[in-house]
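Take a look at the structure below.
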Amino acid sequence: MKRELLKVVVLGAAGRMGSAVREQLALAKDLCFFAGVDAKADRGIRPPLEFPVLIRQADLAVDFSAPAASLEFARCCARARKPVVIGVTGFSAAQMKGLKAVAGKTAVFLSPNMSPAVNLTFAVAALMAKKLPEFGRHIIEVHHSAKKDAPSGTALRYAGSMEKACGSKTPISSVRAGDIVGDHTVLYAGPHERVELTHRAHSREVFAAGALRAARWLYTRKPGLYDYFDLLELGRS
């Protein structure tokens, strides 16, 4: 018996990441593109007001919109009891509180970076910060000129993981230039040596594919707030 494809609504569908997710869905064998939602008019894209009806007909949502819109979309998912994968960054403390409330009603996968490899480096960065307390640390992140938030959500996640591990803050430098997809380097500088932990994204496909991997994993989960540390069984950081 042929298994039915999971129907996915893409939020922020007209943007860079939304377009990349739609392209990956076209290649998927177990997921399909059900609808795209965006405030920006585009061919085949539906307005946000239609999302409450669309999500009731779909199986889950993948969201690369913007913080305020994302929270409202997540609340719609909670009312429909449908899971949502969120790759949006730049949430305020109040918005994060709202997302945690949503996670009490439906499964929410929230990650500032959907690359599995980057999420592994979060754990490595924390371990190095703990084991090399005498080393100075600095995070450098570089993104395209249209990226609105700075520091990036990924850089903040590095910093938060490291602070939890070693008890002190790590400074962050942000650069916005050209069409750079995303580079992150965590620098550890000690006496007589230095270590640079670097991830460079070559295209947005890695984040789109990672978001769909998260969607597959999330679909069968109970209500709660999840991230790649859960999916990869890395423990808490």
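Just so you know, all these numbers are worked out from the coordinates, no wet-lab data involved. Source: prediction; values computed, not measured. Ideal geometry is used to build each Cβ from the backbone, glycine not excepted, and the neighbour counts take in all protein chains shown.
Residue-normalised convex hull volume from the C-alpha trace of region 116-200: 85 Å³ per residue.
Annotation: peptides 62-71, 155-164, ranked by per-residue average of other Cβ atoms within 10 Å with the highest first, follow the order 62-71, 155-164. Couplings 3J(HN,Hα) for region 163-173, derived from phi with the Karplus relation 6.51 cos²θ - 1.76 cosθ + 1.60 (θ = phi - 60°), are 5, 5, 6, 10, x, 9, 7, 10, x, 10, 10 Hz, where x marks Gly and Pro. Take the Cβ atoms of Gln57 and Lys100, set R0 to 30 Å, and the FRET efficiency comes out at 0.65. Beta bridges per DSSP, both residues in region 117-237: antiparallel share near 75 percent.
Bridge orientation summary for the chain: considering DSSP beta bridges with both residues in this region, about 35 percent are antiparallel. Summarising the amide proton neighbourhood of Val85: residues at separation of 5 or more, or on other chains, whose placed amide H is nearer than 5 Å comprise Ala61, Val62, Asp63, Phe109. Measuring against 18 Å, Cα to Cα, the residue pairs Lys29/Lys222; Lys105/Lys222; Lys100/Lys169; Lys82/Lys105; Lys130/Lys169; Lys131/Lys169 contain Lys29/Lys222; Lys100/Lys169 as the ones spanning a longer distance. A simple spin-label model places pseudo-atoms 7 Å from Cα toward Cβ; at Leu5 and Ala41 they are separated by 2.9 nm. Counting every pair of alpha carbons in the chain, the share spaced more than 34 Å apart comes to 16 percent. Taken over the alpha carbons of region 51-109 as equal point scatterers, the Debye sum produces base-10 log I(q)/I(0) values at 0.13, 0.25 Å⁻¹ of -0.26, -0.98.
In sequence order, region 98-112 has phi-based couplings of x, 5, 5, 5, 4, 5, x, 10, 8, 7, 10, 10, 10, 9, x Hz under the Karplus curve 6.51 cos²θ - 1.76 cosθ + 1.60, θ = phi - 60°, and Gly or Pro positions carry x. For a straight C-alpha distance cut-off of 19 angstrom, the lysines reachable from Lys148 (same-chain residues fewer than eight places away being disregarded) are Lys40. When only Cα pairs below 8 angstrom with a gap of at least 6 residues are kept, region 116-200 shows a relative contact order of 37 percent.
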